[in-house]
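The values are calculated or read from the model by the stated rules, or taken from the named source; none is laboratory data. As the structure is a computational prediction, the values presented were derived from the model and not from experiment. Heads up, the Cβs are rebuilt from the backbone with ideal geometry, glycines too, and the neighbour counts pull from every protein chain shown. Accessible surface areas use protein heavy atoms only, side chains included; no ligands, DNA or RNA. Shrake-Rupley method; radii C 1.70, N 1.55, O 1.52, S 1.80 Å.
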Amino acid sequence: LDNDTYTATKLDRRLIPAIVDGKYKLVIITGNAGDGKTAFVKNIEQNPNVKDILHFEHNNGARFQVNGITFESNYDGSQDEREFENNDVLEKFFNPFEKLEDYNKATEGRIIAINEGRLVEFLTTSEKHKSLASAIENYFYEEGYSQLPDGVLVINLNLRSVVAKDEGEESLFTKQIKVLTHKQFWV
C-alpha cells in the first residue's frame, strides 16, 4: 500500500524538479528512522527524467542518468555494503566532491539518505572533506540557516512540521490521515 497511501509533500513538488533540472549535484537527506528519507530518494529515481537506472546488487542504492549526468543514490548512509565497511562506502560515495568549492562542477551527482550524526562523524574524520564537514556542521548548528556550498542541498527532516499548513493547503498530517482513513482501505 506504499504507493496508494503516499502523501506528496513540498519536497516532491519542488525539490525533485530542482534535482532533475540539475540545480544540485549533492543532495543529503537527514532525519530520524522512519521519516521517509529512503522513500524520498526512491521517488526521485522514479521521476520520468531519470534514465538508465541500475540498482546495485547490495540493494543500498542505484546508478542512473539525469540530463546526461551520472548520479548515484545511497538509501542508508550508515550501512556496510557486502565486503566494504561503512567508511569505505562513504569515501567512495563522496569521492566526486573531493577538493571542490563549487559542487556543481563535480563530474557526477549524489543523493544520500543518512543519519545526521553519522554524516557529521564521517565528514569530520575524513581527511578529504574538511570544507564540506565545516559547512555541514554549521548548517546543523544553525538549524538550516547557513550558507552551503553551491550545488549542495541538505534536507533535514527533523526541522519539518507535519501539522503546519502550507500555502493555503492542509497540513501534511491532515492529508495523511485522510488518505489512511479513505474507505477504499477499510471496506
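Given Cα pairs under 8 Å that are at least 6 residues apart, what percent is the relative contact order of the chain?
Details: 262 pairs, mean separation 49.8, N = 187.
For the chain, the relative contact order is 27 percent.
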Just to check I understand the Karplus step: with θ = phi - 60° and J = 6.51 cos²θ - 1.76 cosθ + 1.60, what whole-Hz values come out for the stretch 58-75, glycine and proline as x? 6, 6, 10, x, 8, 10, 7, 10, 10, 6, x, 9, 6, 10, 10, 10, 9, 6
Plugging the Cβ-Cβ distance of Asp2 and Asn67 into 1/(1 + (r/R0)^6) at R0 = 25 Å yields, to the nearest 0.05, a FRET efficiency of 0.35
I'd like the Karplus ³J(HN,Hα) series for the stretch 33-46: coefficients 6.51, -1.76, 1.60, θ = phi - 60°, whole numbers in Hz, and an x wherever there's a Gly or Pro. 4, x, 6, x, 4, 5, 4, 5, 4, 5, 5, 4, 5, 8
Using a 1.4 Å probe on the protein heavy atoms, what percent of the accessible area of the chain belongs to carbon and sulfur? 49 percent
Can you give me the Rg/Rh ratio for the chain, using Cα atoms for both radii and the Kirkwood formula for Rh? 0.98
Cα-only radius of gyration and Dmax that characterise the stretch 32-117, units Å: 12.9, 33
Given only helices, namely DSSP H runs of n ≥ 4 each adding -39500 (n - 2.57), what is the per-residue ellipticity at 222 nm of the chain, to the nearest 500 deg cm²/dmol? -8500 deg cm²/dmol
Over the C-alpha atoms of the stretch 1-74, what are the Rg and the largest Cα-to-Cα span, Dmax, in Å? 12.3, 33
Averaged per residue, what accessible surface does the stretch 1-122 expose to a 1.4 Å probe, in Å²? 52 Å²
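FRET efficiency for Glu121 and Val187, Cβ-Cβ distance as r, R0 = 45 Å, nearest 0.05?
0.40
Grab the Cα-Cα distance for Lys175 and Asp80, subtract it from 0.36 nm times how many residues apart they are, and report the gain in nm with one decimal. Walk me through the numbers on the way to the answer.
On the way: separation 95, 0.36 × 95 = 34.20 nm, distance 3.56 nm.
So the extension gain works out to 30.6 nm.
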Listed by chain and number, the residues whose amide H is under 5 Å from that of Asn115, excluding neighbours fewer than 5 places away on the same chain and using placed H, are Gly77, Ser78
Where the Cα pairs of the stretch 129-187 fall when distances are cut into 10 Å bins, in %: 19, 30, 23, 17, 9, 1
Please report how many Lys pairs in the stretch 32-132 have alpha carbons closer than 14 angstrom, counting only residues at least 8 apart along the chain or sitting on separate chains. 4
Determine one quarter of the surface area of the Cα convex hull of the stretch 60-157, which equals its mean projected area, and express it in nm² to one decimal. 6.2 nm²
Taking the alpha-carbon distance from Lys175 and a cut-off under 17 Å, which lysines remain once sequence neighbours fewer than 8 residues away in the same chain are dropped? Lys10, Lys165, Lys183
